[in-house]
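Below: one structure, written as structure tokens.
Only the coordinates and a few stated rules stand behind these numbers; no lab work does. As the structure is a computational prediction, the values presented were derived from the model and not from experiment. Heads up, the Cβs are rebuilt from the backbone with ideal geometry, glycines too, and the neighbour counts pull from every protein chain shown.
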Amino acid sequence: MDRAGSMKQGSKTLIYSGRHTHERGVGILFDVTTAKSLESWFPISDRVVVAKLVTKPLNLGSIQVYAPKSESKDAEVEKFYEEIEKAKGYLKSQDIIIVMGYFNTKLRIKGKKMLGLLFLCFEEVEAAMKKMKNRKATGPDNIPVEIIKALDNLGVDLTTKLLNAIYDIGTIP
């Protein structure tokens with residue numbers, strides 16, 4: 001990362017992180033109202049920048065990314081994921097965290113690579129399911145959480161795939 005900064009033009013505020021060569025870089029553009037909520041921001045690299053916004057009822061963390069191309073070396077892709085994790089470290093676990101940007105990369109599912117955009121990863125669903133309490137009312141599917149938990153990794157994998165399909169299609173079956 002060669003340079004990072006912020007600038008105001010009219011009613012807009014831009015935070016950015018990038019290179020002098022204009023080959024890579026990321027930024028977030030805020031309108032005047034949203035800019036007033038900007039608590040802080042951190043340039044992680046020329047591929048990742050994070051902004052912390054004070055909002056109600058929960059604060060918002062916005063991570064803007066520019067992923068390596070799909071033909072990039074695995075080391076560069078891994079570095080990109082490490083940068084996203086570093087960005088998440090600037091935010092609190094109770095914050096709403098949005099990761100957005102250009103995802104033209106190899107993405108991982110359970111340690112494997114694939115092309116395309118992944119909305120939830122196995123580890124995130126696994127962590128959420130561990131927090132779910134047993135002996136609670138079922139949802140509209142009438143499947144108790146104990147059944148999905150009993151399937152162990154298969155249950156987490158199927159739930160992850162289902163949630164990503166719902167997110168991608170935009171319809172709950």
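Would you tally the net charge around K88, using a Cβ to Cβ cut-off of less than 14 Å, leaving K88 out, and scoring K and R as +1, D and E as -1?
Once positives and negatives cancel, what remains is -3.
Sort 70-81, 134-145 for me by packing, meaning the mean count of neighbouring Cβ atoms within 10 Å per residue, highest on top.
Highest to lowest by the protection proxy: 70-81, 134-145.
Of the residues K161, K56, the one with the fewest other Cβ atoms within 10 Å heads the list, and the complete ranking is K56, K161. One decimal place: the segment S37-Q9 gains 8.4 nm when fully extended, by the rule 0.36 nm per residue minus the C-alpha distance. Net charge near G27, counting Lys/Arg +1 and Asp/Glu -1 over other residues with Cβ under 15 Å of its Cβ? Net charge around G27: +2.
Note on K86 and K130: with the Förster distance fixed at 25 Å, the Cβ-Cβ geometry gives a FRET efficiency of about 0.55.
Take the residue pairs K12/K56; K88/K131; K36/K56; K56/K92; K86/K161 and return only those whose Cα atoms are more than 24 Å apart.
K86/K161
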